[in-house]
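These notes concern the structure reproduced below.
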Amino acid sequence: MSKGLTSRNDDYSQWYNELVTKADLAEHSAVRGCMVIKPYGYTIWEKMQAALDTMFKDTGHSNAYFPLFIPKSFFSKEASHVEGFATECAVVTHYRLKNDGAGNIVVDEEAKLEEELIVRPTSETIIWNTYRGWIQSYRDLPILVNQWANVVRWEMRTRLFLRTAEFLWQEGHTAHATEQEAIEEAERMLEVYADFAENWLAVPVIRGKKTANERFAGALETYCIEALMQDGKALQAGTSHFLGQNFAKAFDVKFTSKEGVLDYVWATSWGVSTRLMGALIMAHSDDSGLVLPPKLAPVQVVIVPIYKNDDELNRISTYVDGLIPELKAKGISVKYDDRDTQRPGFKFAEYELKGVPVRLAIGSRDMDNGTVEVARRDTREKVTVAQNGLVAHIEQLLVDIQQNIYQKALQFRTENTTEVNSYDEFKRVLDEKGGFISAHWDGTPETEKQIKEETKATIRCIPLNNKQEAGVCMVTGKPSTQRVLFARAY
RNA sequence: CGGGAUGUAGCGCAGUCCGGUAGCGUGCUUCGUUCGGGACGAAGAGGUCGCAGGUUCGAAUCCUGUCAUCCCGACCA
């Protein structure tokens, strides 16, 4: 491991790339656009999965699994859906290889699939084709299903975690008897995402609706949570879609209501992906490395002994051997790093790079005094604490760190959210400060497109429960009833 | 997919213009001294120069193709 990390000020992109690889979260694979998620990174993802999965179960959902491959014909059944995804689909055309006689393995042209298969970029089509067989009556509804899966979107430009050709996610797909119920479901799941982002990732998010331009292909309404990264760019952290009856109509999924009326089923879908790892990294980390929220950190407390000889180490280890079970009993994950091959300073730097929230350093001086040095990763403060009462101190410290990094991110977002009233001011703030910009917009896709072309900023969302206020569009001067949030985005 | 850059030891790089069988830092191994913020000394190991062709007596170096990564653009959850 080489020393040092490019600083965020020098080159934010490079800082991010180095951090992801040096902190052992992920690395590039031999396959274009595809990454290897390493054990340390995957452990964080598993913790996210576990928390989200519990939240899905608590809201009545069950997991299932649908195929990786989707018959090409399914895609063309929903017009806007196919249009949205057509340009980034991987397609399976053959099912066999052969030896060409010259020692090369080639595709066997005789083994051509009668119907080509799409590697799923999302699963609405295969799932709604399946739901047709599951639903006849209002008694079969609602269907509340989630799947954890990989999907493939052949992106032109990729970045570790933020946009990869293959990524891991969950996709919820629900079916309802009424429009109202489906809308409520979409809103409920958005709130689950917001809750998760704020209480687990410690990333404050804006809950909002997408404009027509930014809406999911095939949805009537797309709800989203938007987060702000430290470089002033926005990141969409999760989406929840109200799909209306679009997929039910495309796949002919009807049910008989209590009143005996035949109608199409109402749908939602919602998802978050390994992109959340990117949000986690860019929201909190600093020039020394990762800063992880305690609730998602693979290791919450690391203990580093400081000693000159075996006698001193043994004395410290005896104490630590008693301490570890106490911490574990409180549900705290601990690692005792008694490797003799690295010196303490090296270990300090390494665990800072990897974002371990709390570090304990224990030396002979501490053993004499009955103390421990406690360092917190988020503020880099070090304090000496009595061994008596240490466990309670750490327990509280983990709670404090979780809250502190959330508050810090919230303060950053507040300071980097700017109201502007003219297009000139908009452009100036965008270039000089970045962040979210709250401005009046005339509500037309044309104006939104113009702004995007001229400034690269997009409307991230129309916040839910948005304050209504009379104003004029900063570009066209047409009347507007509310401000919307703009930003340059990942 | 277009423009630019890069690919040489685990990692970071020099060498490429001007062809002659590969070097530096770090990391790794062993031993010793060290150990409260990325230790020091000594001795060692480690490279099909991204891959495939071609030119040449000889290619990391020149030519062609290809793959991957980074930056810019286009595209996009």
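The values are calculated or read from the model by the stated rules, or taken from the named source; none is laboratory data. From a predicted model like this one, the values you see are computed outputs, not experimental measurements. Neighbour counts are summed over all protein chains in view; Cβ atoms, including those assigned to glycine, are modelled from backbone coordinates with ideal geometry. Heavy atoms of the whole protein, side chains included, go into the accessibility calculation; ligands, DNA and RNA do not. Shrake-Rupley method; radii C 1.70, N 1.55, O 1.52, S 1.80 Å.
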Filtered residues of segment A:177-186 (kept if under 11 Å from residue A:242 (Cα atoms) and buried (at least 17 other Cβ atoms within 10 Å of the Cβ)):
A:182, A:183, A:185, A:186
Quick count over segment A:122-151, residues being crowded, with 20+ Cβ neighbours inside 10 Å and within 16 Å of RNA strand B (Cβ to nearest atom), is 4
Just a yes or no: is a residue in segment A:95-103 open to solvent by 60 Å² or more (accessible area, probe 1.4 Å) and under 30 Å from residue A:214 (Cβ atoms)?
no
Condition check: within 11 Å of RNA strand B (Cβ to nearest atom), in contact with a Gly (Cβ under 6 Å, 6 or more places away or on another chain), open to solvent by less than 30 Å² (accessible area, probe 1.4 Å) and among the acidic types (Asp, Glu). Does residue A:226 satisfy that?
no
Kindly list, by first and then second residue, each pair from a residue in segment A:457-476 that is not assigned by TED's automatic domain parsing to the domain that holds residue A:428 to a residue that is modelled with pLDDT of 95 or more and within 16 Å of RNA strand B (Cβ to nearest atom), limited to pairs with Cβ atoms under 6 Å and residues at least 6 apart or on different chains.
none
The number of residues in segment A:329-377 that are near RNA strand B (Cβ under 7 Å from one of its atoms), more than 20 Å from residue A:391 (Cα to Cα) and within 30 Å of the chain's Cα centre (by Cα) is 5
Take the residues of segment A:62-91 that are within 24 Å of the chain's Cα centre (by Cα) and assigned to a strand (DSSP E or B): which is nearest to RNA strand B (Cβ to nearest atom)?
A:63
All conditions in (1) on the phi > 0 side of the Ramachandran plot; (2) surrounded by 21 or more Cβ atoms within 10 Å (Cβ to Cβ) are true of residue A:244 except (2)
Output for segment A:380-398, where each listed residue is away from RNA strand B (no atom under 11 Å from the Cβ) and surrounded by fewer than 18 Cβ atoms within 10 Å (Cβ to Cβ):
A:386, A:387, A:388, A:389, A:391, A:392, A:393, A:395, A:396
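Condition check ((1) part of a helix (DSSP H, G or I); (2) without any contact (Cβ under 8 Å) to a residue 60 or more places away in the chain) across all residues:
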| residue | (1), (2) |
| --- | --- |
| A:255 | no, no |
| A:259 | no, yes |
| A:267 | no, no |
| A:271 | no, no |
| A:276 | yes, no |
| A:279 | yes, no |
| A:282 | yes, no |
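Rundown of residues vs (1) assigned to a loop (DSSP other than H, G, I, E, B); (2) not assigned by TED's automatic domain parsing to the domain that holds residue A:190, yes/no style:
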site	(1), (2)
A:4	yes, yes
A:7	yes, yes
A:19	no, no
A:27	no, no
A:31	yes, no
A:40	no, no
A:43	no, no
A:49	no, no
A:53	no, no
Looking at (1) more than 16 Å from RNA strand B (Cβ to nearest atom); (2) crowded, with 23+ Cβ neighbours inside 10 Å, can you tell me which one residue A:262 breaks?
(2)
Would it be correct to say that residue A:333 is of a type in the set (Gly, Ala, Ser) and modelled with pLDDT under 95?
no
